[in-house]
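Undergrad: Dropping a structure here in structure tokens format, bear with me for questions.
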Amino acid sequence: MSEKRVVGVMCASGRMGQAQVRQLLATGHSPRAFSRSWKAVAEEFRSVKAVAADFGDVESMASAFEGLDAIFSTIPSFAGANSFQYARNLIDAAKRADVTRIVHNSAMWAPDTPCGEPLYDLVLELENIFAASGLDVTIFRPVLFMDNLLTRFQKPDLVGRGLYRYCQRPGLMANWISMDDLAKFMVAALDRDDLIGRRVVVGGPQTLAIEEVVSILSEILGRSITYEYESPYDLGVRMHGVLGLGDQFPREAYAEMMRSFYTFNNESAHQPFVVDMATVLKEIPIHMSTLREWASRQDWSLEAKGPVAVGSLAG
């Protein structure tokens, strides 16, 4: 039987964080949620202790980390230039609180050496900070989330218009993974000292072409879904408005970042979205959901009034 631990979950109110809390609870661990908006999450997490911890304040994090056995680390998506300092602050706080075990979620693929795509190279640089910390660190690199289909820039079109509009080139192959399955890998790493110092790319159990994804969504939603290719730049412009990023990034800069990022994803020989999961699962055996299984569990309805319901069973 695995040892039960008290595990701090960074960015706990986001969908990735909620998935991590859920899987810790499911396996008998005691999660501690670090979030400033935890009160807004689902009833299923009502028993979880929530603590405020500011990435910019080492003292507040060190105090919040007291009594933890491990930390599930995720750096906020839009931290930008603050990302590196946030990582250093988290490491400093963990050391002050005598927490030596960190399982870090990079939230995307990363290369083992710089690849020339600025966002992926930034993720690698961030990983290197954790790897050089002297702590017991395992890093997971999830490639493409099923849960992205439930976001404000996807779900309304899928449900309301029967349209999947995105910038993945026709024929692009990918191992879509659910946020809950990523969380299962992170939980499994708690009992695996042999994974300390490792960086593990993870995806879903199937390698699917974008056309196969559309077919599965059509089956689950009970209507024909059409795929419409959108240029990466145009997607960046659209996402900037939908996500309300005006105060964080200039629109043109964000659109150009998306152009560079998804041009790389579509064309690079690295194939950032493809993973040999048979090898991964042989080493770290967990039960994973196929895209069809995951999609069949989600709430695809739209609210009659008010904002679009974008939640999922993963948060």
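Undergrad: Hey, with R₀ at 25 Å, roughly what FRET efficiency would residue 98 and residue 248 work out to, going by the Cβ-Cβ distance, to 0.05?
TA: 0.10
Undergrad: Also: Please compare each pair in 155/184; 4/282; 184/282 to a cut-off of 19 Å on the Cα-Cα distance and tell me which ones are over it.
TA: 155/184; 4/282
Undergrad: Another one. If contacts are Cα pairs under 8 angstrom and at least 6 residues apart, what is the relative contact order of segment 48-201 in percent?
TA: About 22 percent, as a whole number.
Undergrad: Ok, one more. For an R0 of 30 angstrom, estimate the FRET efficiency from the Cβ-Cβ distance between residue 66 and residue 46 and round to the nearest 0.05.
TA: FRET efficiency, residue 66 to residue 46: 0.85.
Undergrad: Set the Förster radius R0 to 22 Å, insert the Cβ-Cβ distance between residue 194 and residue 128 as r into 1/(1 + (r/R0)^6), and round the FRET efficiency to 0.05.
TA: Taking R0 as 22 Å, the efficiency between residue 194 and residue 128 is 0.55.
Undergrad: Over all pairs of distinct alpha carbons, what does the Kirkwood formula give as the hydrodynamic radius of segment 177-315, in Å?
TA: Radius from the Kirkwood sum: 18.0 Å.
Undergrad: Please list, in chain and number order, the residues 5+ apart from residue 163 or on another chain whose amide H is under 5 Å from its amide H, with Hs placed from the backbone.
TA: When sequence neighbours closer than 5 places are left aside, the close amide H contacts are 158, 226.
Undergrad: Under the rule of at least 5 residues apart or a separate chain, name every residue whose amide H is placed under 5 Å from the amide H of residue 32.
TA: Under 5 Å from the amide H of residue 32: 7, 8, 9.
Undergrad: May I ask you to derive the relative contact order of the chain, considering only C-alpha pairs under 8 Å and at least 6 residues apart, and to give it as an integer percent?
TA: Worked out over the chain, it gives 18 percent.
Undergrad: Specify the residue with the greatest mean-square fluctuation among 70, 174, 52, computed from a Gaussian network of the chain linking alpha-carbon atoms under 10 Å apart.
TA: 52
Undergrad: Another question about this same structure. Taking 0.36 nm per intervening residue step and subtracting the Cα-Cα distance, what contour gain separates residue 157 from residue 84 on full extension?
TA: Residue separation times 0.36 nm, minus the Cα-Cα distance, leaves 22.7 nm.
Undergrad: Over what distance in Å are the Cα centres of segment 165-229 and segment 230-286 separated?
TA: Using only Cα atoms, the two centres lie 13 Å from each other.
Undergrad: Right, another one. Note the full-extension length gain between residue 263 and residue 215 as 0.36 nm times their separation in residues minus their Cα-Cα distance, in nm to one decimal.
TA: Working it through step by step, the gained length comes to 14.9 nm.
Undergrad: Equivalent ellipsoid semi-axes for the chain, as square roots of 5 times the alpha carbon gyration tensor eigenvalues: give them largest first, rounded to whole Å.
TA: 30, 22, 21
Undergrad: Amide H to amide H under 5 Å from residue 177: which residues, 5+ apart in sequence or cross-chain, H placed 1.01 Å off N in plane?
TA: 144, 145, 146, 204
Undergrad: Something else: In deg cm²/dmol, rounded to 500, what helix-only [θ] at 222 nm does the chain give when every DSSP H run of at least 4 residues adds -39500 (n - 2.57) and the total is split over its residues?
TA: -11500 deg cm²/dmol
Undergrad: Right, something else. For segment 148-165, take each phi angle, set θ = phi - 60°, evaluate the Karplus expression 6.51 cos²θ - 1.76 cosθ + 1.60, and give the result in whole Hz per residue in order, putting x for glycine and proline.
TA: Each residue of segment 148-165 in turn: 4, 5, 9, 7, 5, 9, 10, 4, x, 5, 4, 7, x, 10, x, 10, 10, 10 Hz.
Undergrad: May I ask you to order 132-140, 250-258 by the average number of other C-beta atoms within 10 Å around their residues, highest value first?
TA: My ranking of the peptides, most packed first, is 132-140, 250-258.
Undergrad: When the chain is modelled as a GNM with alpha-carbon springs shorter than 10 Å, which of 11, 115, 167 fluctuates the most?
TA: 115
Only the coordinates and a few stated rules stand behind these numbers; no lab work does. Predicted, not measured: the structure shown is a model, and the values here were computed from it. No Cβ is skipped: glycine too gets one built from the backbone with ideal geometry, and neighbour counts run over all protein chains shown.
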